[in-house]
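> Just dropping this structure here.
Every read-out reported here was derived from the displayed coordinates using simple, explicitly stated rules and does not represent laboratory data. Nothing here was measured: the structure is a model prediction, and the numbers come from that model. Here the Cβ positions follow ideal geometry from the backbone for every residue, glycine too, while neighbour counts run over all protein chains shown.
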Amino acid sequence: MEENKETKEWLEELGEKFLHKIGLKKGQKVLDFGCGIGDYTIPAAKVVGGKGKIYALDNDEKSLKFLLGRAKRYGLKNIEIIKTSGEAKIGLEDESLNVVLLYDVIHNSYFPELEKRKELLNEVQRILRQDGIVSIYPKHAIPGDIKKEVENARFSFARKFHATLLHDSCLTESKVFNFSKV
Ligand SMILES: C[S@@+](CC[C@H](N)C(=O)[O-])C[C@H]1O[C@@H](n2cnc3c(N)ncnc32)[C@H](O)[C@@H]1O
């Protein structure tokens, strides 16, 4: 499928710049939880390079198929797809990841129950290395509320970024929050 102009600009330049800014580095292992069609997976795979790896997890088969097509077009071989049934449990080893992206996913549309959000954050806590970060784009969530929930899950707020992001194929100014393990 032909990407629109803003998506192309994001996938080919702006996305990588943004992910560098929030702390992604060459060689890292990253989980993009609720990756959708891969607006963040694709630039993340470019940033971490051949020695790194992106786990792209979603419960939507169609989005993952689209993402695989994109990965092929960009010649990226460091993306592993994880198709789930929507459970909060994540099939990755303890303390194995540098970064987890929770972008436009931890909110009422997808995780309406507090208990399930807690379960997801506990899983993120489990799979992150001691020096790992979880980065959250709280689209459709109340940033203050989600911040409290993340802190209650034994993360400490590290930084807020004002950035140009891609959302629904449009570039938009937004805020992203990084948390580290306590
Ligand atoms: C609004 S999209 C965001 C996609 C991407 N993170 C981004 O910011 O461009 C939310 C994605 O999360 C996925 N999702 C929702 N609930 C999920 C769950 N319980 N487990 C895995 N993926 C889920 C949806 O299928 C969708 O692809």
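> Cα centroid distance between segment 111-142 and segment 3-28, in Å?
The distance from the Cα centre of segment 111-142 to that of segment 3-28 comes to 22 Å.
> Using only the alpha carbons of segment 118-168, what is the convex hull's orientation-averaged projected area in square nanometres? Please report the intermediate quantities before stating the final value.
Numbers: hull surface 17.3 nm².
Reported value for the Cα convex hull: 4.3 nm².
> Output the peptides 21-31, 84-94, 136-146 sorted from most to least packed, where packing is the average of other Cβ atoms within 10 Å over each peptide's residues. Working shown, then result.
Working: 21-31: 18.6, 84-94: 12.7, 136-146: 17.0.
The most tightly packed comes first, giving 21-31, 136-146, 84-94.
> Further question: Apply the Karplus curve 6.51 cos²θ - 1.76 cosθ + 1.60, θ = phi - 60°, to the phi angles in segment 123-129 and return the couplings in whole Hz, x for Gly and Pro.
5, 4, 4, 5, 8, 7, 5
> Taking +1 at the Cβ of each Lys and Arg and -1 at the Cβ of each Asp and Glu, which of Phe111, Leu101, Tyr40 sits farthest along the dipole of segment 30-131 towards its positive end, judged by Cα position relative to the Cα centre?
After comparing all options, I get Tyr40.
> Right, something else. Taking the chain on its own, what percent of its Cα-Cα pair distances exceed 29 Å?
Above the 29 Å cut-off, the chain has 12 percent of its Cα pairs.
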